[in-house]
Amino acid sequence: MQRIPNVLWPRATAAAIVVGGGALMLFVNLPGHLEFDSVRQLLEGRNGVYSNWHPPVMSWLLGLGDGITPGAAAFVVFNVLLAFGTLLSVLWLVPRPGWLSVGAALICVALPQLFLFPAIVWKDMLFAESCVAGFVLLAHAAVYWQRVRLRVVLLLGAVLLCALAALTRQSGLLILPCAAAALGLIAGRVAGRKSGLAYGVGFLLACAGATLGGNALLQLRASKALGAVEQIEDLQLYDMAGMLQRRPALELASLRRDAPALEERMRNVGAKLYTPIGHDRLTDDPVIHGLIIGSVSAVGRQWQALILAHPWTYLQVRGEDFSWLFLSQHPSECLIYEVGVSGAPADLRAAHLSPRYDGRDQWLDEGYGQRLIGTPALSHPAFALVGVISLIVMLWRRRPADLAFAGLMFATLFYTLSFFVISIACQYRYLYAIDMSAIAAAFYLLTDWRLVKR
């Protein structure tokens, strides 16, 4: 047996921890955790018809996995391999990882962001894992730039993963310019500004083409349901209800003219139903829900008029919604995670699933997850701070791979800021990308003890 050189023991030990942590995570979590939305997407994937209420790419991937083994287990394995495989590959971004990487690996695999969340069938998990993996492949391309064939393969992989991320979340498109800029800077340092510009523009065009092409193919199997249109109207009604709660005398002239029944309901009931917890109480109101489809244009015009006439009130509403989402200070009202299997009884029967909350789920919930709620382990601000510190170090040090991780940090920032405009609930998962980006960046820095050597 070939003896491992002493300088490689830290890498081998950290790699064993990551691989072992991933195996244990799958053992504890398979066949995965599903709730109402997850079951609906599984059914769409199995039937091959996508409603566009959820990202079609999620339904498509769940359908592929369901063809391998009934249920969501194959999808969960894919997501877990993406998360743990990305973390494992970081150990090969530096020539000789130090022993700090071992301790960092232990912490990472024990965190719920890796030990629990990748097994929950939510689009936010897929977005974060594919986004981080795409930027880590850019970091590998920077490190192995002189190996042309490997560089091409890595860049193609980064294109596919970034496109997957963009297809998974509506605001995921914001990561593409950041990835292109990071690659442009990397290439510019090696081959000059013109080459850097060519690489950056080419990468952006390739990602845009893959995203648009993938979406066009998925739309071939889309239903005629107005999923995306209804989601936009839900957001607009949510904003309007929040504004009415603050200023009950706001004029709703456009809505009164074109949708008087909805105007009356929003004024009398909508403001009372508004809460930064989420939009469901408002849009699930029987009267409002029944009027949504027929009032799309009227609601859009009224929403725009209110924002133009009362921008400060709108910003107050958006600020409160975003603070509930980002600050992680209301765990009893804001959903943190899901374990087991739940959903509408009819959907569960159609998917051939049974409700589940077994002994493993109980331990994950009561013995693991609940003990971490309220701690830095489940706090977006805590991980955001780790991400900012990592970004400062990498911008000062500026190694080739640092530029890719800096791009990841900026991509996460812009993605997070988009929720100031689009947030309609305070569920922890929506900003899961903050946590995963910070974990990847911190782990990368800790693999090499020379943290401040430029």
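The values are calculated or read from the model by the stated rules, or taken from the named source; none is laboratory data. Quick caveat, the model's predicted, so the values are computed rather than measured. In this analysis, Cβ positions are derived from the backbone assuming ideal geometry, glycine residues included, and neighbour counts consider all displayed protein chains.
Asp285: in the same structural domain as Tyr314 (by TED's automatic domain parsing) and in contact with a His (Cβ under 6 Å, 6 or more places away or on another chain), yes or no?
For Asp285, the condition - in the same structural domain as Tyr314 (by TED's automatic domain parsing) and in contact with a His (Cβ under 6 Å, 6 or more places away or on another chain) - is not met.
When you look at Tyr415, is it in contact with a Phe, Trp or Tyr (Cβ under 8 Å, 6 or more places away or on another chain), of a type in the set (Ser, Thr, Tyr), surrounded by 16 or more Cβ atoms within 10 Å (Cβ to Cβ) and closer than 29 Å to Ser332 by Cα, yes or no? Before you say what the answer is, go through the steps one by one.
Details: in contact with a Phe, Trp or Tyr (Cβ under 8 Å, 6 or more places away or on another chain): no; of a type in the set (Ser, Thr, Tyr): yes; surrounded by 16 or more Cβ atoms within 10 Å (Cβ to Cβ): yes; closer than 29 Å to Ser332 by Cα: yes.
Taking the combined requirement at face value, the residue does not satisfy it.
Could you run through region 277-318 and say how many residues are over 13 Å from Leu237 (Cα atoms) and in contact with a strand residue (DSSP E or B) (Cβ under 9 Å, 6 or more places away or on another chain)?
Result for region 277-318: 1.
Just need a number here: residues in region 188-205 that are closer than 16 Å to Gly134 by Cβ and either surrounded by fewer than 18 Cβ atoms within 10 Å (Cβ to Cβ) or of a type in the set (Lys, Arg) (or both).
Selection size over region 188-205: 2.
Take the conditions out of contact with any strand residue (DSSP E or B) (no Cβ under 6 Å at 6 or more places or on another chain) and aliphatic (A, V, I, L, M) and apply them to Ala128. Does it pass?
The answer is yes for Ala128.
Being out of contact with any Cys (no Cβ under 9 Å at 6 or more places or on another chain) and among the β-branched types (Val, Ile, Thr) is the filter here, so list the residues in region 159-188 that pass it.
Scanning region 159-188 gives a single hit, Ile186.
Can you tell me which residue within region 341-352, out of those that are buried (at least 17 other Cβ atoms within 10 Å of the Cβ) and either at positive phi or β-branched (Val, Ile, Thr) (or both), is modelled with the lowest pLDDT?
Filtering first and then ranking leaves Gly343.
Yes/no per residue for (1) over 17 Å from the mean Cα position of the chain (by Cα); (2) in the same structural domain as Lys123 (by TED's automatic domain parsing):
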{"residue": "Gly343", "(1), (2)": "yes, no"}
{"residue": "Leu348", "(1), (2)": "yes, no"}
{"residue": "Arg360", "(1), (2)": "yes, yes"}
{"residue": "Ile373", "(1), (2)": "yes, yes"}
{"residue": "Leu413", "(1), (2)": "no, no"}
{"residue": "Ile424", "(1), (2)": "no, no"}
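Applying the selection to region 62-93, what residues are hydrophobic (A, V, I, L, M, F, W, C) and farther than 20 Å from Tyr432 by Cα?
So in region 62-93, the residues hydrophobic (A, V, I, L, M, F, W, C) come out as 62, 64, 68, 72-78, 80-84, 87-88, 90-93.
Listed by number, the residues that qualify are Leu62, Leu64, Ile68, Ala72, Ala73, Ala74, Leu91, Trp92, Leu93.
Does Leu185 satisfy the criteria of being buried (at least 17 other Cβ atoms within 10 Å of the Cβ), of a type in the set (A, V, I, L, M), part of a helix (DSSP H, G or I) and at pLDDT below 90?
Answer is no for this residue.
Looking at Leu403, Leu378 in this structure, which one is under 15 Å from Gln329 (Cα atoms), of a type outside the set (Asp, Glu) and touching a residue at least 60 places away in the same chain (Cβ under 8 Å)?
After ruling out the rest, the residue left standing is Leu378.
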